[in-house]
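Beneath this line is the structure, given in structure tokens, with notes to follow.
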Amino acid sequence: MAKKQENLLLFIWTLALIATLGSLYFSEIKGYEPCTLCWYQRIFMYPIVLIALIALIQKNARIAMTTAAFSLIGGGISLYHYGIQKLTFLQESAPTCGTGSCTGQFVNYLGFITIPFMAFIAFTFIFAASLVMWKQTKE
């Protein structure tokens, strides 16, 4: 495996690990209760940590499509979640999210950085790195 692919795997694993630890920090240490959409985002982020770690150990860049798929779906959920937090016309049709509110903003740094926004950024970078890695495996 090329060094660039190995670096991309390390990048994907690092981003997924930081996102996972960040979500656990917000829920377990800060005490913010995750809504249903947060849980769906976690469902797509957490496996990337394990998938990328195993691929890194095995030096296997062929998992690029798997991490791309997980990040594309998770990123879509994050983008929708961010939209219902910030866009009033989406808030009116927002789903009921159990005990945690999907429209609630526990974090709102600089007036626009919320938890779903941070997840969306992580998913976007993982998706982009996965596509670059996939392209390199085809060459």
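Once the other residues with Cβ under 13 Å from the Cβ of residue 8 are scored (Lys, Arg +1; Asp, Glu -1), what is the net sum?
Summing Lys and Arg as +1 and Asp and Glu as -1 gives +4.
Give me the lysines in straight-line cross-link reach of residue 30: C-alpha distance below 26 Å, same-chain residues under 8 apart excluded.
Reachable lysines: 86.
Can you tell me the length gained on complete extension of the stretch residue 43 to residue 3, counting 0.36 nm per residue apart and subtracting the Cα distance?
In short, 11.4 nm is gained.
Please give the contour-minus-distance gain from residue 87 to residue 72: 0.36 nm per residue of separation, less the Cα-Cα distance, rounded to one decimal in nm.
3.2 nm
How far is it, in nm, from the label point at residue 58 to the one at residue 18 when both lie 7 Å from their Cα along the line to the Cβ?
Result: 2.6 nm between the two label points.
Using r as the Cβ-Cβ distance of residue 135 and residue 29, and R0 as 25 Å, what FRET efficiency do you calculate, to the nearest 0.05?
Plugging the Cβ-Cβ distance into 1/(1 + (r/R0)^6) gives 0.05.
For the chain, what relative contact order do you get, as a whole percent, if you take Cα pairs closer than 8 Å and at least 6 residues apart?
34
Bear in mind these aren't lab numbers, they're just calculated from the coordinates by the rules spelled out. From a predicted model like this one, the values you see are computed outputs, not experimental measurements. No Cβ is skipped: glycine too gets one built from the backbone with ideal geometry, and neighbour counts run over all protein chains shown.
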